[in-house]
Structure formats: structure tokens, C-alpha cells
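What follows is a single structure, written as C-alpha cells, with notes after it.
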Amino acid sequence: EIHVKEPIEKEVNPHLLPGELLLCEASTVYKYMQEDGSNRGTYGKLVCTNFKISFLDDDSASDDNEPQFKNKIVGENDITLQCVDQIYGVYDEKKKLLTGQLRKYPEKLIIYCKDLRVFNFCLRYTKEEEVKRIVSGIVHHSQTPKLLKRLFLFSYASAAPNNTDGRNQTVMFETLEDWRDELERTKGNVKYKAVTTNEGYRVSEKLPLYFVVPICISEESILKYEGRGIPIWCWSCHNGAALLKMSTFPKEQDDSTSQMQKAFLDGIYKTISKPPYELLKLDDLSSSLPSLQDIQTAYTRFKQLFLIDNSTDFWATDVKWFSLLESTNWLEIIRRVLKKAIEVAECLEIQHTNVLLIEESATDLCCVISSLVQVMMDSHSRTKSGFQSLIQKEWVIAGHSFLDRCNHLHKSEKEEAPVFLLLLNCVWQLVQQYPPAFEFTETYLTVLSDSLYVPIFSTFFFNSQHQRDTNKSGESLKTQSGPFRFLTVWDWAVQFDPKAQAFLNNPLFAEKPKPDRSQRKTSRFKHQRQLSLPLTQAKPSTKRGFFREETDHLIKNILGKRIGKFINSADEPPNSLREFYDSWHSKPVDYHGLLLPRIDGPEIKVWAQRYLRWIPEAQLHGGGTIATAAKILDLMEEVQSLQVKMDEEHSQAVSGDIHSVPMLRNSARLSSLFPFALLQRQSVKPALPTSTWKDLEDEDDLVKRDDEFVDLSGDML
């Protein structure tokens, strides 16, 4: 039996953006609310445009229940075509993946999104012609290969008025001046120079127009092999040591070519190993980190844990949550990447050694490691504008293939890999371990990950600066005579009004000047066991760090082999990295200096806000980090008001606008996944199916397991 509201009488029309066209629609579509596993839901209209799939019900027309944290471009019931992951049809209670031409049309449509939302639409009450049109339209426009110029990005750029906020402080690295300023900021201009050799893309279409190389590298060397084999500068440490990257030569070459390339490389290495340059350490990331295929496989398994259809499925997986989480290998990949970044930081900071990261194209794992190292070592990269400039420099301009890695055009699944998402997951680990060190919040990282799939910004929709520049001309469109004027994702006013933007800024950010060293205390946060793989009862250890003498067999199993390899593989003394890590963690944290992530088993956590935000069962009402933040903000507000009373004449000098974070006043009513999950989403835990409990009772060995102390009713909460 289905309990429904009556179908809507009044006409509800979709809100269309400039350049957005309505392609097909279906009325009397029933959208299930999957919150409690029942068939409750609402009738409405399902539409597909050249930008999004949208469900319109009678609530869409009213602004009464407007969420406080609202995206102006993509609403709660909107799915951009690039955000669609997979579409399933239900035929006689059986799910079938929908691709290409359909012979038979389903009675129910399930859309899985890349931001982990799940939409369930019932088409039983919809006219047959409309079902055919809407299903084939949605499948065609979201799942089939398309040309670059068919992206909504171009339709929007040609039709939208260009009234963007010019106060964006992000450095775009599109000019020679930007690179020279960065060299000056990091004091790298003594040994490195910004070059114009690639103007007109005469060296390579993959390289940016301008980049930085060691002063001793000649223009002929850069031109010789299209920029391959050339060390490209990423960043300089305060002690002069620099982080460099280099793309390798193709592996399948004849002997004479290989010999010439080897001689060329030897010459380059000798040149940059002499004074004034520091010693050089080479790090081939393709052999020391997981492959892109491994990363894609792990993430595909990992995201399945969160694409939950209904409450029953949630509680069934909750019972074996830890083993499912471990089997994905996603957290282990994050740990390995963070460990590699610590290794590079130790070379730069302690050994005063230049590090040259080597990768086939130098545009994937090189981007991850170089960005992470800068976030850890340069406090400027932990400010909002600094982090955005870092993404521009190391990803957008450096030529990370966003189109291919995100598979925006559905050209080839072989090229797909969540490399940028991997970076955001790693940065989130640092943000949640050291909140005062970052000017931005985890909410900022979450909406940044969502923006990967919003094709009105050019930031994440090209493979290189060359591709962006060559597709800028808009002569083919009658509405546009000059070049396209693309938006950048860094103009947050396009997506959020000022109240919503306040959620992106951290009110507890420890701004400079630094506090007195004697006053600082080490910041320690209790880990959330349920969002990380657990350590079982272990003997207390005298040492801190990721090489503890644990008796815990779980950690030995997960990390044992890799730790063994790690200790014995590097050229430096095997204990130097361990000493560096333990030594740093034994001292108070300087939020403006070097930050090293804690990478013990339970310290690597699941990014709850991103992955659990659409699952009502995973919310703690009145709990979680938001409750703590709300209390701290209340206290700060009280201190501020007292300060104003004490010094009324100079009240405007008090820094920080605590009132800028809305909706934190009543923390008892907030969800732990705020601001994405708000007050109205309630969930009641259903009774676990009898068969599941019976299975558990039959497993005598379950109680003997190491996670016997875990409350099975709420592992994920």
C-alpha cells in the first residue's frame, strides 16, 4: 500500500539558468522518500535539461522551507548531468543498469549520484509516452559520450551576463607575473626562473604557458623533448630546498633513442646537483604509490558503502561495517599518500635535499604529493585564498586531466580515477586533526568536491590550459561574437549567498601573529572509532607515532608488510623518518609552521560529512563536531561582548564576526552532519531483519573477535 499526497494541481515550472533548455519532462512522477524504508513520498514533475535532471513538486514553488545552506545553482532535487553516476531501472522488482537504447521501459528509476545522493522515482502512474521520453532522455544526456563543446559550460558562458565579483584574491597563475610573485614569496627566485619558452604552446600543449625551471636549464633543453625530462619547480622551502616534478620519457623506445634520453637526463641531473643547488633525491611515484587503476578500484568499492537505497540496507551493512571498510583499501591508500608526503617533507625540512617527483605525465600523483607537501609546510596554503591558488598552480594550470579523470564526457572509463578527490580526502584528514591551522572548514572541502560536477565553471572541465584557451573562441554561436568568458569556481558568490558562505570560513582559525611558544599546548583530539578502523586492546606504548610497538594484530595485518618495505627501501637511514615523525609529535603544535598528519590506524578517518550526509540513520541529532563548535562559538561571542563593554570606544577593532555563522544557536536540534543535514530530517531505526540476527547468533566466533566491544547497533553513527 502506498500513502501519497494528491498529485499537484498547479503548474510548477523549472528554474532555468541562462543558456539552459528544457529537453523533456514527465508529469505525475512519484519520488520516494527513502528515510524509513516505507513507500512514502510525493508526486511531482521530472524534467531533464541540457544542464540537470530536476524533480519539481509543490514544495518547489514555495520558499517557506528554504534551507539555510542553499546552493543557488543546484537545488536539493537537482542533479547536474555530470553528477549522475549510474542509472538503474526496476523491472518486476529486479534492478537493471540502463545504458544506450532501451527496448523496455522501467516502472521505477533509481539514479545514483557522484555526490552520493540516491534518487528513487516511481513511473507507474506516468503516461507511457512521457515515460519513454524522460527515461531515454535522461539516459542519453547523462550517460552517452559527448563532444566538449556540447557541455553546458559553453551554453552558459555564451548566454550569462558576466557580472562576477572582481575581488577574488586567488592567484590564477595565467601570467608570467603570477609565477614571478610566487618565486619571490617563497624566496626561490635566486635559483629558479619563470620561462616564456612555451608561449604559443610551441614546446608542448600539455605544459602551461609559463612555468618555472632551475636557472641553469637552457631553452634548447626545454624544447628538445617537448618538456619531458625537465625538472619543473613546484615550491621552495624556507631553507632553500625545493620541490620539483618531472614527466618521464615514453617507455617503449628503440635503443639509440633511449641512450640519447638517458644521456640527456644524466646531464640535467648533474647540472642541478651542483652548487648553488642542494643534493637531489629522485622519487618515482609510479613505483612508490598505488596506480591510478588501484585508486579507482578502491574508491569504487568505498563509495558503494554509502550509496544506500533504504534503512534496511543501512542496518544490514552496519553489522559488518569494519570489515567492509577495510576491504575497500581506500583508507589505506590515503595513509600511504600521507606517509609519502611526510617522507618528502622530511627530506626538504631536515635533510635540506631537493626532491624531484617523477611520474609519466607529472599531472596525477605529482599533483597530489606536491599539493599535500605545501599544505603541510606552508601556512599560506592553509588560508582560503592560498589553498585556491595552490589548486590553480598544481592542478588547473599544471594540466591535470580533469575531463578524463572525472570522465565528464563519458569517453573512456579506463582514464577515470578520483585523483583530485584523493587530495581533498587527505587535506580533510589534516583539517580535522588540526582545525585551528586552517582558514577554511570541512564544509568548504565538501562543496569544493561537489563543484567538480557543476559545469558552469571552467575550473574542473578542461584537461589543460591549452585546451581551455583553444576552446575559448565562440564565433560559432550567434549569440556570442567574442571569446567565451568562463566563470571560475573560486567565485563562491555564484553558488552561495553571504550567509551560506560563512560556513566555508573557520571562525576558530588561529591567525598570525603566533601565540607565545610557552603558552601553546599540543592539540589532541579523541578519535572517532566508528569512522576509522579500530585498534583493539593494546598495551600502552612509551612511543608515539606510526611505528608503535603494538600487540594489535589488526594493525600488523594492515600495515605490517608495507611498514617493513618502507623501513628497508629508502636510501636514508631507516630510522630517520621515524625519528622525524616521533620528534615532531612530541612537541607542541605550531599552527603556522610544519604540520604532520597522524597516520596511526584509527587516526585515518572516513570523511563523514561528505560520505554520510544523505543518510538520515548516520546523523546524531544534537551531537558531533557541530555541537562542540556551537558551544565554542557561544563562548567566543560572550567574550567578545564583554570585551566590547570593557572598551566601547575601540569596539570596532575587535576581530572576528561571530554572528557570521548562522543557525548555530540551538545546537541541541542540529544534526552532526550539519549544514547538509538540517533539522527536518528524522529517522527511526527499524528492527533488524530476524534473519540477520539469526546469522549473528549462529556465528559463535563473533564474540571472540577483536571488535567485540563495538556496539553493533550504531557502528557508523
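Annotations for the structure displayed:
This table checks each residue for (1) modelled with pLDDT under 95; (2) among the aliphatic types (A, V, I, L, M); (3) surrounded by fewer than 18 Cβ atoms within 10 Å (Cβ to Cβ).
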site: Gly137; (1), (2), (3): no, no, no
site: His141; (1), (2), (3): no, no, no
site: Gly166; (1), (2), (3): yes, no, yes
site: Trp179; (1), (2), (3): no, no, no
site: Leu183; (1), (2), (3): no, yes, no
site: Tyr192; (1), (2), (3): no, no, no
site: Val212; (1), (2), (3): no, yes, no
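- Here the range 353-384 is the region considered, the condition is being among the acidic types (Asp, Glu) and touching a strand residue (DSSP E or B) at 6+ places or on another chain (Cβ under 8 Å), and the residue that is most open to solvent (accessible area, probe 1.4 Å) is Glu360.
- As a summary of the residue check, Tyr611 satisfies the conditions (1) among the hydroxyl-bearing types (Ser, Thr, Tyr); (2) over 23 Å from Ser327 (Cβ atoms); (3) at pLDDT 85 or above except for the one numbered (2).
- Test: residue in the range 359-375 that is touching a residue at least 12 places away in the same chain (Cβ under 8 Å), over 25 Å from Ser286 (Cβ atoms) and touching a helix residue (DSSP H, G or I) at 6+ places or on another chain (Cβ under 6 Å): no
- Number of positions in the range 348-370 that are in a helix (DSSP H, G or I) and over 20 Å from Thr248 (Cβ atoms): 2
- Evaluation of Ser381 against the conditions (1) assigned to a helix (DSSP H, G or I); (2) among the polar types (S, T, N, Q); (3) touching a residue at least 60 places away in the same chain (Cβ under 8 Å) shows that the sole unmet condition is (3).
- Failed item, numbered, when Pro276 is tested on (1) under 30 Å from Ser379 (Cα atoms); (2) part of a helix (DSSP H, G or I): (2)
- Of the criteria (1) out of contact with any strand residue (DSSP E or B) (no Cβ under 7 Å at 6 or more places or on another chain); (2) surrounded by 18 or more Cβ atoms within 10 Å (Cβ to Cβ); (3) in contact (Cβ under 8 Å) with a residue 60 or more places away in the chain, which one Leu243 fails: (1)
- Residue match in the range 204-220 (condition: of a type in the set (Lys, Arg) and out of contact with any helix residue (DSSP H, G or I) (no Cβ under 9 Å at 6 or more places or on another chain)): no
- Subset tally (residues that are assigned to a helix (DSSP H, G or I), of a type in the set (Gly, Ala, Ser) and surrounded by 24 or more Cβ atoms within 10 Å (Cβ to Cβ)) for the range 385-412: 0
- Remark: pairs (first residue in the range 299-327, buried (at least 19 other Cβ atoms within 10 Å of the Cβ); second residue in a helix (DSSP H, G or I) and of a type in the set (Ser, Thr, Tyr); Cβ separation under 6 Å; 6+ apart in sequence or on different chains) = Phe302/Thr328; Phe306/Tyr611.
Every residue, every condition in (1) buried (at least 21 other Cβ atoms within 10 Å of the Cβ); (2) modelled with pLDDT of 95 or more; (3) among the basic types (Lys, Arg); (4) in contact with a strand residue (DSSP E or B) (Cβ under 9 Å, 6 or more places away or on another chain), yes or no:
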| position | (1), (2), (3), (4) |
| --- | --- |
| Phe440 | yes, yes, no, yes |
| Thr446 | yes, yes, no, no |
| Asp450 | no, yes, no, no |
| Phe461 | yes, yes, no, no |
| Ser481 | no, no, no, no |
| Arg485 | no, no, yes, no |
| Trp490 | yes, yes, no, yes |
| Phe503 | yes, no, no, no |
| Ser518 | no, no, no, no |
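The values are calculated or read from the model by the stated rules, or taken from the named source; none is laboratory data. Being a predicted model, the structure only gives us computed values, none of them experimental. Virtual Cβ from ideal backbone geometry, glycine too; neighbours counted across all protein chains shown. When the accessible area is computed, the model is the full protein with side chains, heavy atoms only, and any ligands, DNA or RNA have been set aside. Shrake-Rupley method; radii C 1.70, N 1.55, O 1.52, S 1.80 Å.
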